[in-house]
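What follows draws every value from the coordinates through simple rules; no lab data is involved. All of these numbers come straight from a predicted model, not from anything done at the bench. Note: ideal-geometry Cβ built from the backbone for every residue, glycine included; neighbour counts use all protein chains shown.
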Amino acid sequence: MAAVLELRNVSKRFGGLRAVRDVSFQMRENEILFVIGPNGAGKTTVFNLISGFLHPDEGSITFSGHDITQTEPHESARLGVGRTFQIVKPLPTLTVRQNVMLGAFMHTSSVAQAQGEADKILDFLQMSHLKDFPARGLPLAALKRLEIARALATKPKLILLDEVVSGLTTSEALALADLIKRLPEWNVGVVGGVEHVMQVVMKIADHIVVLDYGAKIAEGKPEEVVKQPAVIEAYLGPKYKELVR
Amino acid sequence: MVHFLQACMNGLLTGALYALIGMGLALIFGVMRIVNFAHGSFLMVGMYVSYLLFERLKINPYYGFIAAGIFLFGFGYLVYKLLIQPIRDRSDFMQILMTTGIALILVDTAQLTFGADYHQTNIDLVNRAVHFGPFTLNAASLLSFGIATVFIVGLREFVVRSRTGQALRAIAQNRDVAPLMGINVTRIQGFSFALGIAFAGIAGGLLLPALYLFPSVGEDYTLKAFVIVVLGGMGSIEGAAMGGLVLGVAESLTSTYIGNQWALAIDFVLFLLMLSLKPSGIFGRQRA
Amino acid sequence: MKELRGAKLWITIGLVALSCLPALVVENNYLLQVCFRIALFAALGLAWNLVGGYAGQLSLGHVAFFGLGAYGLAILASHSVPVPIAVLIASLLATLVAALIGKIVFRLRGPYFTLATIACGEVLRLTATNLNITGGAIGLTVPTVFTGPMFWKLYYLSAVALAAGCFLVNFWTANSRFGYYLMAIREDEDTASAVGVDTANYKLRSLLLSAFLTAMAGALYGSAFQYIVPDNILTIDISVQMAIIAMLGGAGTLLGPIVGAILLLGASETFKTQFQESHLLIYGVLIVLVVLFLPEGIVGGIEQLLRSRRKAAKPPAPTPNQSPAISAVEKGN
């Protein structure tokens, strides 16, 4: 199957800090890919680069045949790159439903239609009972779902979930993971970024890319990647590398 | 050439006072991120205080400005506690509105109390000139320049050397972590605001002999103050001092070569240019 | 929901009809003038609301468009352009200027944006004071549309018509995708970008619309008072008034600016009769009070109250991490 997303030798520097170093990987359609790595590995930067909030200093990013290396965020969004934010960004004074409608408006200018779309998605995410509540004041688990709902409403080909389970309890995280596993049903590929909730990653990822200090150190199926010494070293330190034998 | 240098020198003399105003705002806006649209109005209050002292007690403004400064320190602290602190964490929008409201109250109270009439102090010094070489400088302006310089240097030393000054800069850099260092953020912020307003008052006192006094005299200075802060680079007290001098010279040159009425325009032009081209200011680092 | 919409429409029509009442009842010219100003500032508040309320951009430079409308009318009319056409062209020119201004100021955020808008207004005032074509500091005469004893009544009705028009624009905005996009920009620009909103473009659109309406109000104002001077028609005070009217009443609401105009101008007139001058004090006090105690404005505050009453009536809802999701996990496993 052709790659729907491809990063080629992407690098990004912030002053003297090389946040992303020569990272390349491909992702197939409707795949669930996770980018993992310890704190500061560059995952959020990669997400910002893909979604257009940042632009690489070197390398290229192609999505569905389009070169999105230098596109602006709203342009990437319109091409089919949806995203959530690590620190949730709801629109506080609007209701849950209105938040999701915002995403739906990408494909319709009718308020009624957008409302219908929003309701469908809220149903899928089991949030219908929260429809009319203002987004401000909702618990984190609901806000994380809201982020996904809003992104889904834009009918993306790919959704970037940045640290989507961080801050949730294990049961909340697992519940959300099940939902994410079903996203390919909606013809949406997933790129997730998680730091340490490995249960979620192992449960639903098809494909994993591991970053450490901005560089890719491993890639492959979850069971294989987790056993690699370089990965263990990155997370736990050199001592534990030996334990893998 | 002489003409040019003369204009520059006059600009520097005014610029020193601008520096005071700008540094005051830099303390408030640059360091504390409080958008104070009433800065010029406080300056006006300083002018009226000095004027009252001159009219009633015959105190020369070149002494009276100290009283203006002290009064405005206290007044500024009061305003901060009552009106600014409660909305400290609200949006810029709200701060702009609040300080605009304060400005309206100050200006209108001045008008109700003193009338809209223009007042003028007649100080002999204003009419004297100092000559050196081909240059002529107004004696009064020279005196205010001297006094202002003392305060500019003083403030700079205070911010850099003293513990309070360091606390101030700590808060500017990271408001959340500062309390962990044992800094009483609320008290320092109140102090900082009061100090900024005091400087506006001092500048007002020193400006009194040179200007006509009327309630809205301070309004132009609010914008000037922001222009200076932007020119100097956000959060930089020294930058604001430089910015003040730059603005003074720019206005003077514009007056001399283009025309008096366009002097105010140069403020806006510089402002818009700066924000469009180099938002971090002439001397500033990244923080616009 | 639809029935409520229908009711709202009738209420609106009723209100418009009600506002025409002063034209029939009031005979005192001075009072009619006051009513005229209230209606005009209601229109101005509604126009500002598009940019400041829905899009959340605190512009304090709107007087630029107000003045451009008035000066445009005066200058074009002096070249024998018929008044209605002159008003239209002036407003379109103001919109063009708005496009230019927008390109500059929307690149800035927060207080810098506001300061830049102030600077734009002031630059225009200085320019008008120093150019010959605008009559310099002396100003220009503006032609009138109406004459005779019904002068102020007709001008008042025109102002009401303009306000109604501005209201309709607000109404349409609030219930359209355009409005949602503006509100998204107001709440979080990054989120808006992430769902495909070209924020710069939409901010500009709101400004163009707002500028056009503001300019028309300016032309109407100039025409009613027949003489314009930079310090009157391009003063920052007008920008501030527009913002305060909207904020006091409730920025981002439909009725807010109208309530704000009635309240603010009404209060200032009453104050004026007591003190014979100086209404700025009451503005200042009102702003301070609103910011401290009622930041949503009057209408906004009422809406919030109603919303919290409605929430209290509903039974508390389960959060997603309880029953529905866990049962999904159990089912999935």
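How many Cβ atoms of partner chains, on average, are near each residue of A:136-146 if near means within 10 Å of its Cβ? It would help to have the intermediate numbers written out before the result.
Details: counts 1, 1, 2, 3, 2, 5, 4, 0, 2, 3, 1.
Mean inter-chain Cβ contacts per residue within 10 Å come to 2.
For the peptide C:288-300, the mean number of other protein chain Cβ atoms found within 10 angstrom of a residue's Cβ is 4.
Convex hull volume of the Cα atoms of the protein assembly as shown, normalised per residue: 198 Å³. For the peptides A:94-107, A:42-55, C:136-149, B:2-15, the ranking by mean Cβ contacts within 10 Å, running from highest to lowest, is A:94-107, A:42-55, B:2-15, C:136-149.
Between helix C:177-187 and chain C there is an angle of about 80 degrees, using the helix long axis and the longest principal axis of the Cα atoms.
Peptide packing for C:260-267, B:134-141, B:243-250 was compared via the average number of neighbouring C-beta atoms within 10 Å per residue; ordered from the highest value, the list is B:243-250, C:260-267, B:134-141.
Residue farthest toward the positive end of the dipole of the stretch C:25-234, with Cβ of Lys/Arg at +1 and Asp/Glu at -1: which of C:69, C:87, C:172? Checking the options against the dipole of the stretch C:25-234, the answer is C:87.
Under a Cβ-Cβ cut-off of 9 Å, what is the net charge of the residues other than residue A:106 that fall near it, where Lys and Arg count +1 and Asp and Glu count -1? Show your work: numbers first, answer last.
Working: positive: A:78, A:155; negative: none.
Residues near residue A:106 contribute +2 overall.
Taking other residues whose beta carbon is less than 15 angstrom from the beta carbon of residue B:258, and scoring Lys, Arg as +1 and Asp, Glu as -1, yields -2.
Take the alpha carbon gyration tensor of the stretch C:62-198, find the square roots of its eigenvalues, order them as a ≥ b ≥ c, and report rounded if a/c is under 1.5; if not, report prolate when a/b exceeds b/c, else oblate. Don't skip to the end; give the middle numbers.
Numbers: a/c = 2.77, a/b = 1.47, b/c = 1.88.
The shape class here is oblate.
For residue B:58, the aspartates and glutamates whose Cα falls under 19 Å of its own Cα, not counting residues fewer than eight places away in the same chain, are B:124.
Can you list which of the DSSP-assigned H helices in chain B have a Cα extent of 24 Å or more along the long axis and an average Kyte-Doolittle score of at least 1.0? Spell out each step's value before the answer.
Numbers: long enough: B:2-25 (34 Å, 1.34); B:39-57 (27 Å, 0.88); B:61-79 (26 Å, 1.50); B:92-114 (32 Å, 1.25); B:139-161 (33 Å, 1.54); B:185-207 (33 Å, 1.44); B:237-257 (30 Å, 0.89).
Sorted by number, the helices that extend far enough and score high enough are B:2-25, B:61-79, B:92-114, B:139-161, B:185-207.
Distances between placed amide hydrogens fall under 5 Å for residue A:20 paired with A:12, all partners being 5 or more residues away or on another chain.
Take each residue in A:68-77, count the other chain C-beta atoms within 10 Å of its C-beta, and the mean is 4. The tail of the calculated P(r) for chain A beyond 22 Å holds 53 percent of all Cα-Cα pairs.
The angle between the Cα long axis of helix C:236-249 and the main principal axis of chain C comes to about 40°, on a 0 to 90 degree scale.
For the cross-link pairs A:89/A:131; B:224/C:103; A:144/B:81; A:89/A:157; A:12/A:181; A:43/A:157, the ones whose C-alpha atoms lie over 27 Å apart are A:144/B:81; A:12/A:181. Cβ crowding within 10 Å ranks B:156, A:145 as B:156, A:145, fewest other Cβ atoms first. All Cα-Cα distances of chain C, cut into 20 Å bins from zero to the largest, leave 29, 55, 13, 3, 0 percent in each bin in turn. Dipole size of chain A about its Cα centre, with +1 on Lys/Arg Cβ and -1 on Asp/Glu Cβ: approximately 280 debye, rounded to the nearest 20.
Directionally averaged projected area (the stretch B:138-193, Cα convex hull): 4.4 nm². The aspartates and glutamates within cross-link reach of residue A:203, meaning a Cα-to-Cα straight distance under 12 Å and a gap of 8 or more places when in the same chain, are A:178, A:223.
When you count, for each residue, the other Cβ atoms within 10 Å and take the mean per peptide, how do C:193-203, B:19-29 rank with the highest first? Mind dumping the intermediate values first?
Values: C:193-203: 21.9, B:19-29: 31.5.
So the order, starting with the most tightly packed, is B:19-29, C:193-203.
Seen against the Cα atoms of chain C and their longest principal axis, helix C:110-130 is set at about 10 degrees. Once you list every other residue whose beta carbon is under 13 Å from the beta carbon of residue C:204, what net charge do they have if Lys and Arg are +1 and Asp and Glu are -1? It works out to a net charge of +3. Each label was represented as a point 7 Å from its Cα along the Cα-to-Cβ direction; for residue C:308 and residue B:149 these points are 5.9 nm apart.
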